[in-house]
Amino acid sequence: MAGDATERTEGTEGADADRSTRETGTEATTEVAGLSPSLRHLFGLAGLAVLALAPLATTGITLLKLAGALFFAVFVMSWDVVSGYTGEISFGHALFFGTGGYTSGMLGLHLGVDPLLSIPLGGLAAAVMGLLIGVPSLRLQGPYFALITLVTPVILLSVFRFFPGLTGGELGLVSVGSIATLTIDPLENYYIAFGLFVSTLAVFLAVTRSDIGNVLTAIREDEDTVAASGFNPAKFKVFAFVLSGAVGGCAGALFAHSAVGSATPSELLSLTVSIEVIVAAVLGGIGTITGAAVGGLFFFLLRDVLRNVETIVLPMPFGDLLSGVPTTIEIDLLVPVLDKPVAELDFLVFLLITLAFLFFLPEGIVARLVALGRRTQGRLSGDRDGPVADGGRVRKRRDTGARASESPLERITERYRTVLDGLFGHDRRQ
Amino acid sequence: MVELVSLTINVLLLGALYSLVAIGFTLIFGVGGVLNLAHGALLTVGAYTAYYLTQFGTSIWVGALGALLVPAIVSIALYAGLIHRVRGNPVTVLILTLVVGLIVEQIVLVLTGTEPLVVSNLIEGRTTVVGDSVSNNRVTAFALSWVLIGALFAFVNYTPTGKAILATSMSERGAAVVGIDSNRMYVYTWALAGALAGIAGLFLASFQTANPFMGRSPLLLSFAIVVLGGLGSIRGSVVGAYLISFLDQITVTMISTRLSGVSALVVLVLVLLVKPEGLFGREYTH
Amino acid sequence: MDGDDSEHADDATSETRSRRTAASGTDRRADRRAFLKATGGVAVGAAVAGCISGGGGDGGDGGDGDSGDGGGGEDAATGTSSGGNTTGTAGGNVGETITIGAMGPADAPQGISILNSAELAASEINADGGIAGAEVEVVTKDTKDDPGTARSGYQELTTGENVTATVGIFGSEQLLAIMDTMAQQESPFLGAGAATPEATRRVKDNYEKYKYLFRVGPPNSTFLAESLVEFGGDMFESMGWSTIGLVAEDFKWTEPVTEILENDLASETGIEVAYNERISEGTEDWTPIYDELQSSGVDGAFVQLAHIGTSSLVSWAKQAREFGYGGIHVPDQFPSFYASTEGAARYTFSQTTATPTSELTEKTKPYAEAYDQEYDGFPVYSGYSTYDAVYMLKQAIESAGSTNADDIVSELEGASYTGTSGTIEFYGQNEEFPHDVKYGPEFVQGVYFQWQVDEEGNGVQEVIWPEDLATAEYQPPER
């Protein structure tokens, strides 16, 4: 079953998706046919407006959850801006969130620094971490870089564990003392998260749609060409890491001081956090920022739904007319075989859904939606490019060489493949 | 004196155990070019297979057989069902193996809960070695580990299939030219890696206890071991395993138990930064 | 699209519930109404129900209620008497249903005991007329033993479900993580699993903010440490322990324990502490630690392990270490622990709140048996305290005649309740640990048991301390 899907995506659908992914990735720089930028931007703005006005429709616990989702989306964006663009996949982005959150939290707890000062300091500390991770990425590639990013948060956690008096060890700062909370009001808390989300989105979109973004994308595609054009790829890569670290660190710090988070390893530093961020980005579509934002929100809320799902309440028609018949019936959502409620297995169910997503929708939600939208719009407004047999469209595209038809994921893949070939490969002994 | 003896014994034992884990990890990387982050979960599969078999009243040795076979099957299924189809895409492979590893942990967690389980000793009783009393279980595990490592060396170097695996790991294209079915070699490799990890999981569980997350720290140690020994090198893995377990035991005994596992990770980072090809680089036997 | 998502999430939380225990069906409710009518009023009915249910189905009233606020001492909070003998006001502001939250890790025995015991108490109360006529509904939340999950679960309870009060929590870190929400929501919380004194120290430091926290059990870890010293003073000599090693898990709750043991154990019991190490979470290989204990020549390892105890104990048994093993060891308290470790628990001992066979009060055994009947197995320490907490809540709401948080708090401050774990009273605002359960033989003290083997070869938890409750002598491990 899974196999079919893969083949499908490798086939016609894949080709279509590739185009759309690339399109969103470079939307500011290329005038692409299909869904016009203005309409796409309208959708984006409408989404933001819905988020901005959400407190009018909901209150209390839902706002807290939405705030959590916004924080998580910022984490995902901070991953995307470096890994999605430069192709250096970070498997330990929690390092930045943890550094930011813990720095700010510890400054407050042990030195009494005000959160308004300690949060930027947290971001600064994480930016320094970005520098420390970014520099080795210049030398190390592929699986080696993956390993180094994978273990650095573990090492940091071990250091924390060695100084439990300062850090609370494995159990987080909450076990050392009460971290100052910016606000406990769900509404204010929500707008803090929303403000962070919007400003991160704005900064990242500005950067990635500027010349810097083009250079980063070009680095991912062909580092040597970039160097040949007179740019220093190293400088841009390190910049991406520092930017990502600073934003991730600020987000981690704000999160730690918010009503929905605190500085504990399980929330900011654990392997699970890093993985969730990558998975969410892949779900949304990498190398697009907007995909990361949507993926992050979707991921967080899906997880929350799974955690709370227990029964499905079905309204019974005519229940109120007939005495003795209830107006609604509750059906327990049980996982077959195990006979356990879904809510107890939320993480497992979630992982299985993720697995399915990785197989069936490898190019991400946003790319798929944009493709869908483009197809619908194309049908409505007539074909501007002329249909081709696979249902996609032949388009005149800017010439980026042979790799133009590849999705970012594939381009990164290609790069890994090159590294692996270099390590074990065919040409080595020539 | 006693402390020195017990330290040496611990290093000898753990070195053999970690070798089993690391060899499988490095084999899959060397042969398939895949960094298998679900490798740790295979230890869990091995340990719980043995646990459930003994719960049905069979001997622990039947359990040990199960701990070799079931993880091998799971490993093959992982390769053939998932990895094979996305093999050309290392990023997807990394994420997929990670997700699969987490899924295995969660399934075990759902089935058994968080409480650690007791897995029977292979052999009961204690033996005195140079004035220090060691349980026979650990001695048995040590001996069996080395039997398996030796068998693997012999297999890879002296049997046609083993040589074919090695050839595939050196050059897939070259192997194809001489008529080796590389896909079959991949399946063999994954099966071998699964079996070795599974039995290591059983040993580990019989020393300590079995819990759903028991594969995590051996996986992290494996990173350090294979990077130190050189990714893809079997001999390097064994040497790396001994170096890492020596370092770990020294740190734990001399400094603090809180640093368990940390020194290995620091070594990993240092090696990656200074000498990424590892001590032994890639092993090319002819 | 995002808006849709959020609404979806909202629907899921408000319409689908965690495990709920309302009264078991409408029939029972009808019975109760009829009963209330017959006895001539809600208030009287509630008072009667209070007395009956206090006995945990056993019929006896166990002395609850009558003691009023006698133990309250200096805090003399309200002057009104508490307990089931209040008449007149009850029922007025209580409403139709009272929702109580229960929190714990749903996949660990400590958490399961909390969630089940809350439901058991609620269904008993409902069967006997509810709380002041109102039906009790329990909403459970899984903490996954993780501070983040605990916080969001508690926010769902207090903000989403509007619970009157919450009981439970195992793991001090989870308790500390929810304290700010507790203060903000002004929602009473009756702790039943976490032992850190840090929680009640916060009540002391900022009473108005944190006064909603009470701890029904276990005694905070400062008292647990005192209990260890007392036990050592009484028992070490006869156990043959003259040199010991201290092994504590590096968690919040053991910090005061380690400190007090370091200071007092040697001086008060005359033994030598030859090894003292705090072990971090994630420690799986205990061999180097035991090697060192052995070479230090200790007679026993005096442990304080709650989260990481099982692999420690099993390694000790598997390696057939020559020193003894015991102290406060939470997994060891599980009634099924002997069987699940295939006998590795034999000879180990631990402090616990109560064992299923110990008669701390006349409610102890009936509760344990009712629990066993309902859930096919005995509860662990957190279950006893949770069960007591729900009944204390009932007592407080009924005597206050309202579910107002401040009323409940002042009622609890003056309360004295004889539950399954002893006579429960709380320290006053001016004492060292306000709102902590009073520790001592006349209040809640706990027992020490050892796993021994009976004639049929089954593991039994035999109480070895205190002397008046002891059912067996300590047996040294046979190696």
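Points worth noting:
- Filter result for A:Leu196 (more than 14 Å from chain B (Cβ to nearest Cβ), within 21 Å of A:Ala126 (Cα to Cα) and part of a helix (DSSP H, G or I)): yes
- Among the residues examined, B:Pro276 qualifies as at the interface with another protein chain (Cβ under 9 Å from one of its Cβ atoms) and in contact with a Leu (Cβ under 9 Å, 6 or more places away or on another chain).
- Just one of the listed residues (A:Gly44, A:Gly105) is within 14 Å of chain C (Cβ to nearest Cβ), in a helix (DSSP H, G or I) and surrounded by fewer than 24 Cβ atoms within 10 Å (Cβ to Cβ), namely A:Gly44.
- Failed item, numbered, when C:Lys394 is tested on (1) part of a helix (DSSP H, G or I); (2) surrounded by fewer than 24 Cβ atoms within 10 Å (Cβ to Cβ): (2)
- Any hit, the stretch A:295-311, residues being farther than 17 Å from A:Thr62 by Cα, at the interface with chain C (Cβ under 9 Å from one of its Cβ atoms) and modelled with pLDDT under 90: yes
Results for (1) closer than 30 Å to B:Gln208 by Cβ; (2) under 14 Å from the mean Cα position of the chain (by Cα); (3) among the charged types (D, E, K, R); (4) crowded, with 24+ Cβ neighbours inside 10 Å, shown as yes or no for each residue.
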{"site": "C:Thr353", "(1), (2), (3), (4)": "yes, yes, no, yes"}
{"site": "C:Glu359", "(1), (2), (3), (4)": "no, no, yes, no"}
{"site": "C:Lys363", "(1), (2), (3), (4)": "no, no, yes, yes"}
{"site": "C:Gln373", "(1), (2), (3), (4)": "no, no, no, no"}
{"site": "C:Ser382", "(1), (2), (3), (4)": "yes, yes, no, yes"}
{"site": "C:Val390", "(1), (2), (3), (4)": "no, yes, no, yes"}
{"site": "C:Thr403", "(1), (2), (3), (4)": "no, no, no, no"}
{"site": "C:Ser410", "(1), (2), (3), (4)": "no, no, no, no"}
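- Within the stretch B:52-69, the set of residues being within 27 Å of B:Leu96 (Cβ to Cβ) and either under 17 Å from the mean Cα position of the chain (by Cα) or at pLDDT 95 or above (or both) comprises B:Gly66, B:Ala67, B:Leu68, B:Leu69.
- Which listed residue, of C:Ala132, C:Ala127, is more than 12 Å from every other protein chain (Cβ to nearest Cβ), in contact (Cβ under 8 Å) with a residue 60 or more places away in the chain and buried (at least 24 other Cβ atoms within 10 Å of the Cβ): C:Ala132
- The set of residues in the stretch B:124-141 that are more than 12 Å from chain C (Cβ to nearest Cβ) and in contact with a strand residue (DSSP E or B) (Cβ under 9 Å, 6 or more places away or on another chain) comprises B:Thr128, B:Val139.
- Test: residue in the stretch A:198-210 that is buried (at least 19 other Cβ atoms within 10 Å of the Cβ), under 18 Å from A:Gly108 (Cβ atoms) and touching a Ser or Thr at 6+ places or on another chain (Cβ under 9 Å): no
- Verdict on B:Ser6 being more than 11 Å from chain A (Cβ to nearest Cβ), buried (at least 24 other Cβ atoms within 10 Å of the Cβ) and at pLDDT 95 or above: no
- Residue check for A:Thr62: in contact with a helix residue (DSSP H, G or I) (Cβ under 7 Å, 6 or more places away or on another chain), within 14 Å of chain C (Cβ to nearest Cβ), surrounded by 21 or more Cβ atoms within 10 Å (Cβ to Cβ) and more than 23 Å from A:Val176 (Cα to Cα): yes
- Residues of the stretch A:47-59 that turn out to be more than 7 Å from chain C (Cβ to nearest Cβ) and in contact (Cβ under 8 Å) with a residue 12 or more places away in the chain, as a count: 4
- Only a single item in (1) more than 18 Å from C:Ser382 (Cβ to Cβ); (2) assigned to a strand (DSSP E or B); (3) not aromatic (Phe, Trp, Tyr) is not met by C:Ser123, and it is number (2).
- For the condition within 20 Å of the chain's Cα centre (by Cα), among the hydrophobic types (A, V, I, L, M, F, W, C), surrounded by 24 or more Cβ atoms within 10 Å (Cβ to Cβ) and farther than 15 Å from C:Leu190 by Cα, C:Ile112 does not qualify.
- Residue match in the stretch B:87-94 (condition: at the interface with chain A (Cβ under 7 Å from one of its Cβ atoms), modelled with pLDDT of 80 or more and assigned to a helix (DSSP H, G or I)): yes
- In the stretch A:181-199, the residues that are within 22 Å of A:Val113 (Cα to Cα) form Cβ pairs under 9 Å with partners that are of a type in the set (Ser, Thr, Tyr) and in a helix (DSSP H, G or I), at six or more places apart or across chains, as follows: A:Ile184/C:Thr181.
Table: residues versus (1) modelled with pLDDT of 85 or more; (2) over 23 Å from A:Thr86 (Cβ atoms).
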residue	(1), (2)
A:Val226	no, no
A:Ser244	yes, no
A:Gly248	yes, no
A:Val260	yes, yes
A:Ile278	yes, no
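- Residue in the stretch B:146-165 that is at the interface with another protein chain (Cβ under 10 Å from one of its Cβ atoms), in a helix (DSSP H, G or I), among the hydroxyl-bearing types (Ser, Thr, Tyr) and over 30 Å from B:Val262 (Cα atoms) present: no
- Of the strands (runs of 3 or more DSSP E) entirely within the stretch C:286-382, those holding at least 1 residues that are more than 9 Å from chain B (Cβ to nearest Cβ) and hydroxyl-bearing (Ser, Thr, Tyr) occupy C:324-329, C:349-352.
- Test: residue in the stretch B:259-278 that is of a type in the set (D, E, K, R), in contact (Cβ under 8 Å) with a residue 60 or more places away in the chain and out of contact with any Asp or Glu (no Cβ under 7 Å at 6 or more places or on another chain): no
- Per-region count, the stretch A:140-178, residues modelled with pLDDT of 85 or more, farther than 30 Å from B:Asn89 by Cβ, more than 9 Å from chain B (Cβ to nearest Cβ) and part of a helix (DSSP H, G or I): 4
- Within the stretch B:166-185, the residues that satisfy the criterion of being touching a residue at least 12 places away in the same chain (Cβ under 8 Å), surrounded by fewer than 24 Cβ atoms within 10 Å (Cβ to Cβ) and within 14 Å of chain A (Cβ to nearest Cβ) are B:Leu166, B:Ala167, B:Met170, B:Ser182, B:Met185.
- Residue count for the stretch A:161-177 under the criterion of being crowded, with 23+ Cβ neighbours inside 10 Å and either farther than 28 Å from B:Asn36 by Cβ or touching a residue at least 12 places away in the same chain (Cβ under 8 Å) (or both): the result is 9.
- The condition (being within 26 Å of A:Ile275 (Cβ to Cβ) and touching a Ser or Thr at 6+ places or on another chain (Cβ under 7 Å)) is satisfied by just one residue among B:Ala41, B:Ala22, B:Ala47, B:Ala80: B:Ala22.
- The listed residue being outside any loop (DSSP other than H, G, I, E, B), in contact with a Pro (Cβ under 6 Å, 6 or more places away or on another chain) and under 23 Å from B:Ala191 (Cβ atoms), out of B:Val108, B:Val70: B:Val108
The values are calculated or read from the model by the stated rules, or taken from the named source; none is laboratory data. Every value quoted in this text rests on a predicted model; they were computed, and no experiment measured them. Cβ: placed from backbone, ideal geometry, glycine included. Neighbour counts: every protein chain shown.
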